[in-house]
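So the structure is just underneath, and the comments pick up after that.
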Amino acid sequence: MSKVLFVHAKGGPPLGYALSRVAARSAVHLLALSALPPTVAASAERRCASVLIPTEQERHDLVALIVGHAQAIGADAVVTFSEYAVVAVAEACEKLGLAGAGNSCVAARDKRMMRRTWHERGIAQPRFRPVATERDLHDAAATLTFPLLLKAAWSAGSTAHRILRTPQEAPAAWEQARHVMAESAQLGYAELHVADAGADFLVEEIVQGSAGEWFEEPGWGDYVSVEGVVIDGTFHPVCLSGRMPTVAPFTERAGITPAPLPPAAQERVIALARDAVDALELGNCGIHTEIKLGADGRMWVIETAARFGGAMTVPQIEEVFGLDLIGMLVDHLLGKPVSWPARARTPEEARGAAGSLVVLAVDGAGDAWQDRRVWDFPAVTAAVPLSDGSSLTVVGENSLPDGTPVPVYDPAAGANTMAALCLLSATDPQTVLHDFRTLVDALPQILPALGAEEARS
C-alpha cells in the first residue's frame, strides 16, 4: 500500500476532513507541526499509521526533518494543506525527488516576490512597495496614493493588515503590525520555514472595488476566489467562490460556493487568474487565487496561494460539485490517473450551494458588538430562522467550545479573533448569502450575555 507523509500545521481545510480524504487513498503518517485539535486527536490516532510530534530541536531544520521522516517511512508522497508549511514541503519534495509545488513555490508565499513577478509580466494588481523598516514605509507612502494597506509579506487570514489614510498614521501602523505578527507567531499562525519572516512587509494602494455590476443581486463582496490545481505545471481551474463584504480592514467573513457570476464574467476572471498562476511557474499543488472586482469591468489580482483555500472551501466544493480535490491531488502525487475538470464548473452545474461563516464580534455593518457575548451554538440553531432547505452546522475543530466568551474583534489581528466557523448548505448561493446576513444580524442578540465578572477576568 502506498504511503503519504501528511505535514500538519495551522490553517487550511479542517484536519479531520483532510485526513479522512488522504487516508482513503493510502496509509497516512502524520507529522504534526501544530497541536492536533482535541476534536480530531482520537480519530487521527485511528486513521494514521503513525503520528510524530517533533521536538523544538527537530523543528530547527524543518526541511531536513520532513526529508528524514519521509525517508524513514518510505513515503511515496508528501503533502500539506497549510499556508505556513507549503515552502518547507515543496523544498523537501525537491530533495526527495517527489512531485510537489516546486522551488518557485516561495513566490506564491512571499507577497513581495509574488507582486514583483506579476509586475514584470504586466498583470493587473494594486501598485505596491516592499518595506522592511518604518523608514521604508514612509518612503513608499511618498510614492503611492492614499489610502494604503500595510500587510505582512508572509501572513494569512488578513493578519497584521493596517489601513493608512495619511502619512502621520505610518508609525502607529508599523508598530502595531509588527506586534500582531509577533503575537500570531506565538499562536502558531506564522511561517514555519523562513527565519524572521514576520519582519517582512509590503504596502499597497487600495483599489476601489465594486460588486454591483458583477452580480445580479446586492450584498456580495467585491472579490472572488478561483479554486483549482496546478498539475505538472498546467493550471486547472475548478470553480469560483464568492464572498460577503469583508470586515475592516479586510478580514474575510464568509466564503460561498459557487460564486453566481454570469458565464462571460466568470471566464474573464478565470483568464486573469490563469495569467497570475502561470507566471509563478508552479509544479503540482492546490491553488487559491483572489481577484478584486471593480467598476467598468476592471479586475486586479490580490494574491495566489500554492494550496487549496482555507476554512471550508474544499468541503464546499465536494458538496456542491462532487469533486474531492484533496483525494484527487493525492492520487496524482502517487502517480495514479486523475480526470481533472476540462473547465471550471459553473453555478448551473452545482448541486445547491454551501458557505462557511467566520463568527466575529461585529455586526452586519462591521461595527463592534455593543456588549460581550458567549459562544453557544445550540442557542444559534434554536433562534436563527433559516430559509427552507437550509441547514447549519458548526465546525468543531475550528470553533471555541460552547460557553466560551466571544473574543473582542481586533482589526489588526483579523481572523485570529474568530469565535467559530459555521457551515451552511442551501438551495443556491443567494440563499446562503441571505441566511448568513440573517445570522450575522441575530448573533449579538441571541448569544448569551457575558457576565460582568467574566468580562473583567
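Which entries in Lys10/Lys336; Lys95/Lys336; Lys3/Lys95; Lys111/Lys292; Lys292/Lys336 show an alpha-carbon gap greater than 25 Å? Table pairs above 25 Å Cα-Cα are Lys10/Lys336; Lys292/Lys336.
Between Ala195 and Thr143, the simple label model (points 7 Å from Cα in the Cβ direction) yields a spacing of 2.9 nm. Length available on full extension from Ala49 to Asp402: 0.36 nm per residue minus the Cα-Cα distance, which gives 123.9 nm. What the Cβ-Cβ distance of Ala271 and Ala24 gives, at R0 = 41 Å and to the nearest 0.05, is a FRET efficiency of 0.75.
Approximating the spin labels as points 7 Å out from Cα along Cα→Cβ, the Glu217-to-Gln71 distance works out to 5.6 nm.
Karplus-based coupling profile of region 262-278, in residue order and whole Hz: x, x, 5, 5, 4, 5, 5, 4, 4, 4, 5, 4, 4, 4, 5, 5, 4, with θ = phi - 60° in 6.51 cos²θ - 1.76 cosθ + 1.60 and x standing for Gly or Pro.
For Ala211, the amide hydrogen comes within under 5 Å of no other amide hydrogen, counting only partners 5 or more places away or on other chains and with H modelled in the peptide plane.
Between Arg165 and Asp388, the modelled label-to-label distance comes to 4.6 nm, taking each label 7 Å out from Cα in the direction of the beta carbon.
In terms of surrounding Cβ atoms within a 10 Å radius of their Cβ, Phe436, Phe81, Phe146 rank from fewest to most as Phe146, Phe436, Phe81.
Only Cα pairs under 8 Å and 6+ residues apart enter the sum, and on that basis the relative contact order of region 3-98 stands at 39 percent.
If you plug the beta carbon distance of Arg135 and Gln186 into 1/(1 + (r/R0)^6) with R0 = 22 Å, you get a FRET efficiency near 0.25. Evaluating 6.51 cos²θ - 1.76 cosθ + 1.60 at θ = phi - 60° for every residue in region 115-130, the Karplus couplings come out as 5, 5, 4, 5, 4, 5, 8, x, 7, 4, 7, x, 5, 8, 8, x Hz, glycine and proline recorded as x.
For the pair Lys336 and Gln208 in one chain, pulling the backbone fully straight at 0.36 nm per residue adds 41.6 nm over the alpha carbon distance.
Ordering Trp154, Ala379, His434 by the projection of their Cα atoms onto the charge dipole of the chain, which places +1 on the Cβ of Lys and Arg and -1 on the Cβ of Asp and Glu, puts Trp154 at the extreme positive end.
When the helices of the chain are scored as -39500 (n - 2.57) per DSSP H run of n ≥ 4 and the total is divided over every residue, the value at 222 nm lands at -9500 deg cm²/dmol.
Here's the picture: charge each Lys and Arg Cβ at +1 and each Asp and Glu Cβ at -1 in the chain, and of Gly102, Ala185, Val358 the one pushed furthest to the positive end of that dipole is Gly102.
Think of each Lys and Arg Cβ as +1 and each Asp and Glu Cβ as -1; about the Cα centre, that makes the dipole of the chain roughly 640 debye. Ranked for footprinting exposure by Cβ neighbours inside 10 Å, fewest first, Thr257, Thr159, Thr381 give Thr381, Thr159, Thr257. Sorted fewest first by neighbouring Cβ atoms within 10 angstrom, Ile53, Ile206 come out as Ile53, Ile206.
Which part of region 420-438 falls in the paramagnetic zone of Asp363, meaning amide N under 20 Å from the point 7 Å along Cα-to-beta-carbon? Counting backbone N atoms under 20 Å from the label point, the list is 434-438. Of the residues Ile163, Ile317, Gln176, the one whose Cα sits farthest towards the positive end of the charge dipole of the chain is Ile317 (charges of +1 on Lys and Arg Cβ, -1 on Asp and Glu Cβ, taken about the Cα centre). Once the C-beta distance of Asp232 and Thr438 is scaled by a Förster radius of 35 Å, the resulting FRET efficiency is 0.20 to the nearest 0.05.
Read-outs throughout are calculated quantities, based only on the coordinates presented, and are distinct from any laboratory measurement. All values derive from a computational prediction rather than experimental measurement. All Cβ positions, even for glycine, are placed from backbone atoms using ideal geometry, and neighbour counts span all protein chains on display.
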